[in-house]
Amino acid sequence: MAYVISGMAGVDLTKQTAGTTTDGEDAEFALGTKVQATDGQTWVYAQAGAAISQYDWVAIDENFQMVKGTKALADAGHEVGFAQAAFDDNDMGWVCVGGKNITVNVLASCAADVQLYTSGTAGKLDDTSGSQTLIRGVVLVTAATNTASSRECIAVYPSATATP
């Protein structure tokens, strides 16, 4: 697990705070706070707008509310992140938005070192473009096998838009 190197005191990238609303009430940090960590990672403090599985890619809106990523959210231009822990609805915590040694959920038989796209399964990426949206700057380090799984990726300034 990465650790913070930006000098911000009190940051525990694994800690989550339960919330009861979607406005960041009782947050330990201001929603949208960013920190730098080892492996060139950048993390943002956000709040879950719904339950999120560990390693799902997430879409983060302008209010730093995150949900499992989908093609529609990528097309809308939401920030791309990677939940390194599971979140319950309204939980607040840190989500990785770029760097190396990040784990992400992918569909079966997803190749390494190729561009990844949204998929028909929320929170999962794939190497098949179909009618999906490219998530720029994200590649797997090792290929996924015959089943959907989580794999290490490199995410260099990940972003998504409907057209290049």
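The values are calculated or read from the model by the stated rules, or taken from the named source; none is laboratory data. Please read all numbers here as calculations on a predicted model, not as lab measurements. Positions of Cβ are generated from backbone atoms using ideal geometry, with glycine treated the same way; all protein chains shown enter the neighbour counts.
What to note about this one:
- Scanning the stretch 60-81 for residues that are touching a Ser or Thr at 6+ places or on another chain (Cβ under 7 Å) and either in a strand (DSSP E or B) or farther than 19 Å from T118 by Cβ (or both) yields Q65, V80.
- All positions within the stretch 117-157 that are aliphatic (A, V, I, L, M) and assigned to a loop (DSSP other than H, G, I, E, B): A122, V141, A143, A144, A148
- Verdict on I60 being within 11 Å of A83 (Cβ to Cβ), touching a His at 6+ places or on another chain (Cβ under 8 Å) and modelled with pLDDT of 95 or more: yes
- Pair list, Cβ under 8 Å, 6 or more apart: the stretch 80-102 residue crowded, with 18+ Cβ neighbours inside 10 Å, other residue in a strand (DSSP E or B) and basic (K, R): V97/K34
- Residue-level check: of (1) under 26 Å from T145 (Cβ atoms); (2) touching a Ser or Thr at 6+ places or on another chain (Cβ under 9 Å); (3) not in a loop (DSSP other than H, G, I, E, B), M1 misses just (3).
- The residues of the stretch 7-59 that are within 13 Å of the chain's Cα centre (by Cα) and either part of a loop (DSSP other than H, G, I, E, B) or not β-branched (V, I, T) (or both), listed by number, are Q41, W43, Y45, A46, Q47, A48, S53, Q54, Y55, D56, W57, A59.
- Boolean, Y45 is modelled with pLDDT under 95 and farther than 28 Å from G130 by Cβ: no
- Residue in the stretch 149-158 that is at pLDDT below 95, in contact with a Lys or Arg (Cβ under 7 Å, 6 or more places away or on another chain), surrounded by 15 or more Cβ atoms within 10 Å (Cβ to Cβ) and under 28 Å from A18 (Cα atoms) present: yes
- Picking from residues in the stretch 34-74 that are farther than 18 Å from G120 by Cα and among the hydroxyl-bearing types (S, T, Y), the one that is surrounded by the most Cβ atoms within 10 Å (Cβ to Cβ) is Y45.
- Within the stretch 48-78, tally of residues that are aliphatic (A, V, I, L, M) and touching an Asp or Glu at 6+ places or on another chain (Cβ under 6 Å): 4
- Condition check for A85: modelled with pLDDT of 95 or more and either acidic (D, E) or in a loop (DSSP other than H, G, I, E, B) (or both): yes
- Any hit, the stretch 102-110, residues being outside any strand (DSSP E or B) and under 30 Å from D23 (Cβ atoms): no
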